[in-house]
1. Divide by every residue of the protein assembly as shown the summed helix terms, -39500 (n - 2.57) for each DSSP H run of at least 4, and state the resulting mean residue ellipticity at 222 nm, rounded to the nearest 500 deg cm²/dmol.
2. Cα-Cα over 28 Å: which of A:LYS75/A:LYS201; A:LYS84/A:LYS120; A:LYS182/C:LYS177; D:LYS17/D:LYS222; A:LYS120/B:LYS17?
3. Which residue, chosen from C:THR233, C:GLN116, C:VAL149, occupies the Cα position most advanced towards the positive end of the dipole of chain C, where the dipole is computed from +1 (Lys, Arg) and -1 (Asp, Glu) charges on Cβ about the Cα centre?
4. Could you size up the charge dipole of chain B around its Cα centre, putting +1 on the beta carbon of Lys and Arg and -1 on that of Asp and Glu, and report it in debye to the nearest 20?
5. What is the mean number of Cβ atoms from other protein chains located within 10 Å of the Cβ atom of each residue in peptide A:97-109, rounded to a whole number?
6. Compare B:THR227, B:THR190, B:THR92 in a GNM of chain B, Cα atoms joined below 10 Å, and give the one with the largest fluctuation.
7. Using a simple spin-label model with points 7 Å from Cα along the Cα→Cβ vector, what separation in nm is obtained for D:ASP135 and A:GLN237?
8. Under the definition of partner shielding as Cβ atoms of other protein chains within 10 Å of a residue Cβ, what is the mean value for peptide C:166-177?
Protein chains: 4
Amino acid sequence: MPAGEIQFVYSAKEMPKFATEPRLVCGFPGSGYVGKLAIDHLIQELHATHLADIYSSSFPPQVMIRTDGTADLMKNSIFSWQGKETSLLLLTGDSQPSDPDSEYALAEHILDFGAQFGAKQVFTLAAYITGVFVDKPRVFGTATDASLVGNFASHGVSLMDSGSITGMNGLVIGIAKLRGIKGTCLLGETSGYVVDAKASKAVLETLLSIIGINVDMSNLEKRAKDTEMLIQTIEQQMAAGRGGLAQEGQQQQQPQKPRNTGYIS
Amino acid sequence: MPAGEIQFVYSAKEMPKFATEPRLVCGFPGSGYVGKLAIDHLIQELHATHLADIYSSSFPPQVMIRTDGTADLMKNSIFSWQGKETSLLLLTGDSQPSDPDSEYALAEHILDFGAQFGAKQVFTLAAYITGVFVDKPRVFGTATDASLVGNFASHGVSLMDSGSITGMNGLVIGIAKLRGIKGTCLLGETSGYVVDAKASKAVLETLLSIIGINVDMSNLEKRAKDTEMLIQTIEQQMAAGRGGLAQEGQQQQQPQKPRNTGYIS
Amino acid sequence: MPAGEIQFVYSAKEMPKFATEPRLVCGFPGSGYVGKLAIDHLIQELHATHLADIYSSSFPPQVMIRTDGTADLMKNSIFSWQGKETSLLLLTGDSQPSDPDSEYALAEHILDFGAQFGAKQVFTLAAYITGVFVDKPRVFGTATDASLVGNFASHGVSLMDSGSITGMNGLVIGIAKLRGIKGTCLLGETSGYVVDAKASKAVLETLLSIIGINVDMSNLEKRAKDTEMLIQTIEQQMAAGRGGLAQEGQQQQQPQKPRNTGYIS
Amino acid sequence: MPAGEIQFVYSAKEMPKFATEPRLVCGFPGSGYVGKLAIDHLIQELHATHLADIYSSSFPPQVMIRTDGTADLMKNSIFSWQGKETSLLLLTGDSQPSDPDSEYALAEHILDFGAQFGAKQVFTLAAYITGVFVDKPRVFGTATDASLVGNFASHGVSLMDSGSITGMNGLVIGIAKLRGIKGTCLLGETSGYVVDAKASKAVLETLLSIIGINVDMSNLEKRAKDTEMLIQTIEQQMAAGRGGLAQEGQQQQQPQKPRNTGYIS
């Protein structure tokens, strides 16, 4: 992999034939791992098929050590799933590129990959950072077309009307638009302080209602419970006046419409 | 758009035929949005024709969310206008490139675009940061040729005789000079603390007097009034000794020739 | 050497013919110079043959001044050695690349070089930073294959089961894995505060036991003694409550399993 | 000038024919402007001929404004001079490249330019930062060959035996060595706190004694006097206990061999 290059390593003997145009759904690692946890859960529950790993010299120059003691380069991975009426390409990964230029390049490669299968619609799952802990995380959204935006209300998605979405979650739908592909970004409300499976569950449920499939959520619910307990612990510490988050803790007494902090990933 | 590439997406069915060599006028986003506000006003009042959008992997990797909930990649845009005796190419944008190398590349592409139409003169509208609020912002200038500099006085432009102009506003005229194209940078005096439509109005009026066209300024004047009120509020807070700008506030009591802070964009 | 290029300058008239597939062993400069000291000792004791110097525009832009007053560009160097049953390619260097993208590129070039000679196994020697001084530094390890990991215990290597290895020491084995080449990273336990020949000796002894050759360690032991004395001095200062390391000094009274600080190089 | 490119713009109608192999002498802007002031003085006194300007997208993206109000891109410039027995190529500039990779590239281009004229020897003039004000700045040196180093003593040059030289001053001689061209770096002792014409004069006198030509130094001496007066003012302030440099001021009472601070440019 020469400098600057992006390399696809295919594991599947042959590429899948989809019954219908697949939807490409991306869960990049980011704040609270909201998107990545959701996609990893989906891959696990659907027993999706591993198609390819993506390596890039723009990923952080390191190996990740597995629990069995073996090490692997940082990578992204794409899986496929064929349902009765729905076809999916699912992307998860260890990292986003470390420089802006390479984020554009990776987004192009991912959309090229989807184009091979005639993917006409792409979703990115992201985090909506508020700095505030909430019981029921909302799901925010933006999209490339007014028609998609029009359907948000019916799925309980709060429409964003300002701000920006940075990183791969924004670029993938932005470049999709230039290619005439429909893009939607769904963002789970999260404090930004913890790995937030609660937000992941909210954003995944919204995705599933939009694409119309059902998945057992129990494993993700279990993780969401853990998140809830972690948050309660933090809140108790904050109530006790300890920890640097006291201020946000108080904000909870008077819940407020979170402002777009411009820190979305 | 491969990494490092700059992509022009043309909207006009055919490129305009200009009656006269067009002048290229650039309003990049920068301190106080002085240049961008001026060009956006000009585009609006002249009902200029959209020619092309410019996308680049050197723009910040994000999408901007519009008020209707749809999202777009960061871009620059070029418009054209044909007057009785004047032809204009107008450039506005969401962003400047995020790395120096790409700023040079974008400046070359913009000048290449202008060259297609025989543009022999280019203007950039910028901000002259003083850290001081003033009632009547001055307009400063520098240019590629002594002949252009010689005309500044007759248009009320204060000549700069030291310092530097960083970013696209400097590069576009600097590279223009290497190509034998005349370049002028006009800079509106601004504190640097607020979006400054007052400075935009001043720099736009100067541009219009140089290129000899008239434009209804009422909308920009309205915005300038808002700026004025915002500044007054800040000054009152400063007078009350609050706010981090108190020091500059005092400087206003004894107005002084602003020094080139070297922070011009 | 154009920007971005990596240049090999060969000193040997002809490339060596190895009796057996050589093992490539890399000692990049890093924390405590653990890896570099070990390889430099090995090169010296084996009277290894200098094959090539590697120059790169990604190395820090500077010359190093030698004790004789002459100056040289930063470089990496590769040596070869042919033993009775073992063949070695040994890499040492002044520097690692200064940007991630170039670290990937250099790792590829080094593995290409090894591939010329049919190298099927690569080792990197690194530092395991604990922030704690210890009498008997342990050696930690990770590898590309479970089979290699399985042999660690028999050589007294503590298995890592989490974290990451950043920089060339990680990339070389990570990219080797993509090429089907076996990679092992051995890390000598070190405080991270001093050039640590003790850790170098530990990691080198482990390497030698794995590849099955013997080398006179007296010179490295001498340096290790110096390290020990330096550490004792620092500890005395810490005991006396002076120096910024007091806290770590106290940790020594209650030795603890060093956590993977994630700062490994 | 596409991104990453280096562009030579030639002013001379024809390239000079040198009576003898020219020496290339570089005075890049750096700490105290020691090297640049020396070369600018040499160009002025020798009435050297301007050959070419060098532009690069790796120079800071800005224009410099001249006293007449006109603006120019950042650049380096090369001049030539033919003496009775000595030929010179003289390089001065506004800036060094803004990233390491481009420093390597520019050094290669400069050496390519010199190679056109058969230049076999290159000098760089730099600053040796000590953080201490001295009456008689020493001149330090390093070179690519022991033979050059051997001649330092006879010209009063203090030999460096450790440390490194960063930036263009180091790269130009380091890459020259790879090309079989002799390189010498002369460094004028300076505090690093002021533009130091005293250090420039010292390093230029040393250069002239090595290459065996005479130049009227009165203008540079005048500037050196100014430096001296500036330093005296600073010292008086330091003696009065004001200014952040008091500590260095005291060091002067007990003058000491300045250690290589590793900060040389």
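1. On the way: 28 runs with 361 residues, N = 1060.
Helices in the protein assembly as shown give a 222 nm mean residue ellipticity of -11000 deg cm²/dmol.
2. On the way: A:LYS75/A:LYS201 24 Å; A:LYS84/A:LYS120 18 Å; A:LYS182/C:LYS177 37 Å; D:LYS17/D:LYS222 34 Å; A:LYS120/B:LYS17 38 Å.
Over 28 Å apart, Cα to Cα: A:LYS182/C:LYS177; D:LYS17/D:LYS222; A:LYS120/B:LYS17.
3. Most positive-ward Cα: C:VAL149.
4. Details: 21 positive and 27 negative charges, 98 e Å.
It comes to approximately 480 debye.
5. Values: counts 3, 3, 8, 11, 13, 6, 5, 12, 6, 2, 4, 5, 1.
Whole-number average of other-chain Cβ neighbours for A:97-109 is 6.
6. Highest fluctuation among the options: B:THR227.
7. 6.2
8. Numbers: counts 4, 2, 1, 2, 10, 6, 1, 5, 10, 5, 1, 5.
That average works out to 4.
Since every read-out is calculated from the coordinates, none of them should be taken as a lab result. As the structure is a computational prediction, the values presented were derived from the model and not from experiment. Using ideal geometry, Cβ is built from the backbone for each residue, glycine included, and neighbour counts are taken over all protein chains shown.
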